[in-house]
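See structure below.
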Amino acid sequence: MSEFSDSYQLKSSTTTDGLSLLRRAGLDGYVFPAENGWVTILAEGPMFEPNNQLIESNVGVLLHYMYAEDYGWSVEVYQGPDLVTQHECEWEPRLNVVNKLDVEAADRVLGSALCSFDTARLRMLLDPEDLDQVAKLEPAKAFAEAVGLTHFEWLSFEYIYGDIERGQALPEGVIAVLERDA
């Protein structure tokens, strides 16, 4: 099975900030404990599309991380409800960088995490030459780790919701927000 991940990452060291964002948006979802300066949020809504309710309710720095192993990856960076920059690289049907990340804009909002890469490596991650380079460098994972994300692989609202429907417990520390039942 191929990985499909779609998560929101709120720049915060307080889990309650993630809970507050979901509640302001009036959405069901799941919030992971704050770790490494980020709170992971899995919000209800269509996968791989911007969740406008969540984004419009955002008052901080929010990153939308998307990865589809067989198709590509993308990231959107928001400050409040405003899109700061985005990046999208697809490899199905062919390798194509649709939107290229503005590294300076991203670093202003996220901190200087991406500046830790030398120019050549950053170029290979954001504008790979071929699929072999994508497979070798794993640009989505490298980006996520560079900015400090810890919860981003194999994560989506659909995955966790499906696990719960099958009787599995939430991962340790994850809090469910069920706004429709409130």
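The values are calculated or read from the model by the stated rules, or taken from the named source; none is laboratory data. This is a predicted model, so every value here is computed, not measured. Don't worry about glycine lacking a Cβ; one is built from the backbone with ideal geometry, like all the others, and counts go over all protein chains shown. In case anyone asks, the SASA skips ligands and DNA or RNA and just uses the protein heavy atoms, side chains included. Shrake-Rupley method; radii C 1.70, N 1.55, O 1.52, S 1.80 Å.
Rounded to the nearest 20 debye, what is the charge dipole size of the range 118-182 about its Cα centre when +1 sits on each Lys and Arg Cβ and -1 on each Asp and Glu Cβ?
Working: 6 positive and 14 negative charges, 20 e Å.
I would put it at about 100 debye.
Which net charge results for the neighbourhood of E69, defined as the other residues with beta-carbon distances under 11 angstrom from its beta-carbon, given Lys and Arg at +1 and Asp and Glu at -1? Spell out each step's value before the answer.
Details: positive: K141; negative: E3, D70, E92, E138, E153.
Combined, the nearby Lys, Arg, Asp and Glu give -4.
Between exposed trypsin sites (Lys or Arg not before Pro) in the chain, where DSSP calls loop and at most 10 other Cβ atoms lie within 10 Å, what's the longest gap?
Working: sites that count: R94, R166.
It works out to 1-93.
Kirkwood Rh over Cα pairs of the range 76-133 into Stokes-Einstein at 25 °C, 0.890 mPa s: D in µm²/s? Spell out each step's value before the answer.
On the way: Rh = 12.3 Å.
The diffusion coefficient I find is 199 µm²/s.
For the range 26-103, take the convex hull of the Cα atoms, compute a quarter of its surface area, and give me that in nm², please.
On the way: hull surface 23.7 nm².
Computed as one quarter of the Cα hull surface, the answer is 5.9 nm².
For the chain, set up a Gaussian network in which alpha carbons nearer than 10 Å are linked by springs, and say which option among Y65, Y30, Y161 fluctuates the most.
Top of the fluctuation ranking is Y161.
For the range 64-104, what is the accessible area per residue in Å², given a 1.4 Å probe and the full set of protein chains? Before the final figure, lay out each step's value.
On the way: 2010 Å² over 41 residues.
Here the per-residue accessible area is 49 Å².
Most fluctuating residue of V147, V39, V98 in a GNM of the chain with Cα springs under 10 Å: which is it?
Ranking V147, V39, V98 by mean-square fluctuation puts V98 first.
Based on the inverse mean of 1/r over its pairs of different Cα atoms, what is the Kirkwood hydrodynamic radius of the chain, in Å? Please list the in-between numbers first.
Numbers: mean 1/r = 0.0600 Å⁻¹.
This gives a value of 16.7 Å.
In whole angstrom, how far apart do the alpha carbon centroids of the range 58-86 and the range 120-134 sit?
20 Å
Binned at 10 Å from 0, what are the whole-percent values of the Cα-Cα distance distribution for the range 99-182, short to long?
Computed distribution, short to long bins: 14, 34, 24, 22, 6, 0.
For the chain, build the charge dipole from Cβ charges (+1 Lys, Arg; -1 Asp, Glu) around the Cα centre, then report which of M124, L114, A169 sits farthest towards its positive end.
So the residue furthest toward the plus end is L114.
Kirkwood hydrodynamic radius (Cα pairs, Å) of the range 42-86?
Values: mean 1/r = 0.0907 Å⁻¹.
By the Kirkwood definition, the hydrodynamic radius is 11.0 Å.
Just the number, please: carbon plus sulfur as a percent of the accessible area of the chain, 1.4 Å probe, no ligands or DNA/RNA counted.
Details: 4250 of 9110 Å².
The computed percentage sits at 47.
For a quick size check, give me the Cα extents of the range 1-57 along its three principal axes, largest first, whole Å.
32, 24, 15
For the chain, with only Lys/Arg (+1) and Asp/Glu (-1) charged at the beta-carbon, what is the dipole magnitude about the Cα centre, in debye rounded to 20? Display every interim value, and only then the final one.
On the way: 12 positive and 32 negative charges, 102 e Å.
Here the chain has a charge dipole of around 500 debye.
Comparing G18, G45, G29, which has the greatest mean-square fluctuation in the GNM of the chain with Cα pairs linked when under 10 Å apart?
Between G18, G45, G29, it is G45 that shows the largest mean-square fluctuation.
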